[in-house]
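The values are calculated or read from the model by the stated rules, or taken from the named source; none is laboratory data. All values reported here derive from a predicted model rather than from experimental measurement. Cβ coordinates were reconstructed from backbone atoms using ideal geometry, including for glycine residues, and neighbour counts include every protein chain displayed. When the accessible area is computed, the model is the full protein with side chains, heavy atoms only, and any ligands, DNA or RNA have been set aside. Shrake-Rupley method; radii C 1.70, N 1.55, O 1.52, S 1.80 Å.
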Amino acid sequence: MEENIFYDGQVLWSQIDANVHLRHSAYADFCAQARSNMLNKMGLSLEEFNKRKIGPILFREELNYLREIGLDERVKVSVVITKFNKLNSRFSFRHEIFKENGVKAAVVLVDGAWMNIRERKLTNIPEEWMEIISKIPKSEDYTEIDS
């Protein structure tokens with residue numbers, strides 16, 4: 001489970017819903033933070049995104065709940081890239097959220113691309129970012145499109 005963990009944190013009271021478990025949007029928040037941490041660790045900081053006026057956007061987010069997560073529990077989130085298209089820089093990531101006892105609580109799949117934040121249009125990433133993208137942990141079923 002410890003492989004590719006990019007977020008480790010406590011569930012806060014503000015993340016709990018009326019059913020006294022983790023609210024649905026908190027799962028997405030944990031995964032977004034894990035992706036951000038992972039990209040930063042690989043060399044793509046928020047500063048670099050701002051400098052290039054490029055940012056990641058999501059087209060799809062799918063969440064599969066497996067176990068409840070409660071108040072004050074600690075969670076860990078792993079991130080792997082499952083698909084990358086070198087022609088248009090579109091990507092897919094899989095996140096797994098684990099409870100503090102190691103039990104997998106959720107799987108979150110996202111599909112996205114990169115946007116020029118000035119023009120508000122999809123864009124390819126700079127060529128020098130390709131080396132950084134190649135360092136992202138890959139899933140066992142990773143697919144790369146390059147032709």
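Counting only residues that are farther than 27 Å from residue 127 by Cβ, assigned to a strand (DSSP E or B) and among the hydrophobic types (A, V, I, L, M, F, W, C), segment 74-106 holds 6 of them. Taken over segment 107-121, the residue count meeting the criterion of being surrounded by 14 or more Cβ atoms within 10 Å (Cβ to Cβ) and either within 16 Å of the chain's Cα centre (by Cα) or part of a strand (DSSP E or B) (or both) is 10. Taking first residues from segment 20-34 that are touching a residue at least 12 places away in the same chain (Cβ under 8 Å) and partners that are part of a helix (DSSP H, G or I), the Cβ contacts under 8 Å between residues at least 6 apart in sequence or on separate chains come to 22/15; 26/15; 29/15. Selection of segment 122-143 for residues being surrounded by fewer than 13 Cβ atoms within 10 Å (Cβ to Cβ) and touching a strand residue (DSSP E or B) at 6+ places or on another chain (Cβ under 8 Å) yields 141, 143. When the residues of segment 102-147 are filtered to those that are among the hydrophobic types (A, V, I, L, M, F, W, C) and touching an Asp or Glu at 6+ places or on another chain (Cβ under 8 Å), the one that is farthest from residue 75 (Cα to Cα) is 110.
Of all residues in segment 42-88, those satisfying the criterion of being hydroxyl-bearing (Ser, Thr, Tyr) and open to solvent by 20 Å² or more (accessible area, probe 1.4 Å) are 45, 65, 82.
For segment 3-19, the candidate set comprises residues that are in contact (Cβ under 8 Å) with a residue 60 or more places away in the chain and either of a type in the set (Phe, Trp, Tyr) or open to solvent by 50 Å² or more (accessible area, probe 1.4 Å) (or both); within that set, the residue that is farthest from residue 134 (Cα to Cα) is 10.
Within segment 41-55, is even one residue in a strand (DSSP E or B) and in contact (Cβ under 8 Å) with a residue 40 or more places away in the chain? Yes - at least one qualifying residue is present in segment 41-55.
Within segment 124-140, the set of residues being in contact with a Lys or Arg (Cβ under 9 Å, 6 or more places away or on another chain) and assigned to a strand (DSSP E or B) comprises just one member, 139.
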